[in-house]
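Peer 1: There's a structure below that I have some questions on.
The values are calculated or read from the model by the stated rules, or taken from the named source; none is laboratory data. On a predicted model such as this, the values are computed, not experimentally measured, just so you know. Neighbour counts are summed over all protein chains in view; Cβ atoms, including those assigned to glycine, are modelled from backbone coordinates with ideal geometry. Please note that ligands, DNA and RNA were not included when accessible areas were found on the heavy atoms of the full protein model with its side chains. Shrake-Rupley method; radii C 1.70, N 1.55, O 1.52, S 1.80 Å.
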Amino acid sequence: MTDAGDTNVTADTGDTHAKADTSGTPGTADTSETSGTSARDGAGGSRATVRGTEHLDVRREGATLVLTLNRPEAMNALSLPMLVGLYDGWLAADADDTIRSVVLTGAGGSFCAGMDLKALAGKGMAGDRYRDRMTADPDLHWKAMLRHHRPRKPVIAAVEGHCVAGGTEILQGTDIRVAGASATFGLFEVRRGLFPIGGSTVRLPRQIPRTHALEMLLTGRPYTAEEAAGIGLVGRVVPDGTALETALEIAERINACGPLAVEAVKASVYETAEMTEQEGLAAELERGWPIFATADAKEGAQAFAEKRPPVYRRE
């Protein structure tokens with residue numbers, strides 16, 4: 001067990017655009033909290049709903065699913081209820097055609113301070129209620145942390161405050177990252193004689209220059225938001241308290257685009273990352289050409305010609 005730097009937390013550091021008209025289309029959603037059948041139970045139809053847990057809040061903002069780590073008394077240290085809620089959230093986003101993007105954020109001014117080992121072991125608050133989920137799927141925690149699962153919808157991280165240890169590790173599984181000016185990042189494991197086993201020794205050198213990755217991994221020092229942006233770990237630094245607002249603005253831009261095209265582009269970027277250029281270009285054609293034959297592609301061109309927002313139907 002480690003802490004978030006010098007804080008006393010038990011945590012394992014283990015241009016303008018037209019808005020698409022989605023009325024009456026699969027992009028329509030309300031802004032109330034989702035509730036009902038969990039995605040893992042196989043909700044019928046094209047919509048899948050998911051309940052949050054005591055440490056993970058779930059709500060809809062239009063076509064965006066917002067997942068909020070909600071354990072502010074522990075700076076949102078990962079717990080078993082939080083991990084179960086996260087994984088169900090990723091599954092719900094994949095299963096529900098009305099969801100076009102996901103925003104991941106934290107409550108109480110922090111993103112995530114790492115793993116809470118007591119709660120993960122089922123010895124902390126409400127842990128026992130979720131032991132059957134871990135027994136049924138021993139890989140669930142890695143899927144929740146995006147180590148062994150990649151949602152097909154874009155995932156945007158909205159970071160305020162501490163995003164350290166396991167927080168920085170789950171961050172690496174997201175696609176677009178926005179940070180408040182006072183956010184703190186870092187992988188503190190080596191300072192405690194531990195290993196950042198959430199994927200950082202593999203992912204971090206692939207996402208930022210190796211020299212920066214190794215400095216972060218081997219020194220275990222904290223990084224400011226400006227430093228994180230400077231090395232490419234986050235894409236934007238915004239005034240404190242506005243990371244979520246900015247992330248939702250980015251999500252809205254994504255939601256206005258053709259969903260089939262968006263998902264194909266994301267898939268192509270990741271599946272070609274370790275290919276040779278020749279292999280990657282061939283794979284890109286396999287992903288990209290079918291998109292041109294979709295009804296959405298025709299609608300996009302027609303809407304442009306008619307100077308109106310497109311109405312995409314995932315067809």
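Peer 1: Among the listed residues Ala107, Ala136, Ala181, Ala93, identify the single one that is open to solvent by less than 10 Å² (accessible area, probe 1.4 Å) and not polar (S, T, N, Q).
Peer 2: Ala93
Peer 1: Ok, one more. For a quick check of your reading: which helices (runs of 4 or more DSSP H) sit entirely within the range 128-245 and have at least 1 residues that are touching a helix residue (DSSP H, G or I) at 6+ places or on another chain (Cβ under 6 Å) and among the hydroxyl-bearing types (Ser, Thr, Tyr)?
Peer 2: On the way: elements: 131-136, 140-144, 166-171, 200-207, 210-219, 225-230.
Correct list: 200-207.
Peer 1: Val190 fails exactly one of the following numbered conditions: (1) open to solvent by 50 Å² or more (accessible area, probe 1.4 Å); (2) of a type in the set (Val, Ile, Thr); (3) in contact with a His (Cβ under 7 Å, 6 or more places away or on another chain). What is the number of that condition?
Peer 2: For Val190, the exception is condition (3).
Peer 1: OK, next. If a residue has to be assigned to a helix (DSSP H, G or I) and open to solvent by less than 60 Å² (accessible area, probe 1.4 Å) to count, how many in the range 297-315 make the cut? Show your work before the answer.
Peer 2: Just the residues of the range 297-315 that are assigned to a helix (DSSP H, G or I), to begin with: 297-305.
Still in the running and open to solvent by less than 60 Å² (accessible area, probe 1.4 Å): 297, 299-300, 303.
Qualifying residue count for the region: 4.
Peer 1: Search the range 220-247 for residues that are closer than 14 Å to Ile156 by Cβ and pair each with any residue that is in a strand (DSSP E or B) and hydroxyl-bearing (Ser, Thr, Tyr) when their beta-carbon atoms are under 6 Å apart and the residues are at least 6 apart or on different chains.
Peer 2: These pairs meet every condition: Leu244/Thr105.
Peer 1: Which residues, taken from the range 70-80, are in contact with an Asp or Glu (Cβ under 6 Å, 6 or more places away or on another chain), of a type outside the set (A, V, I, L, M) and crowded, with 24+ Cβ neighbours inside 10 Å?
Peer 2: Scanning the range 70-80 gives a single hit, Ser79.
Peer 1: May I pose another question? Of all the residues that make up the range 266-296, how many are closer than 15 Å to Arg314 by Cα and open to solvent by 90 Å² or more (accessible area, probe 1.4 Å)?
Peer 2: 1
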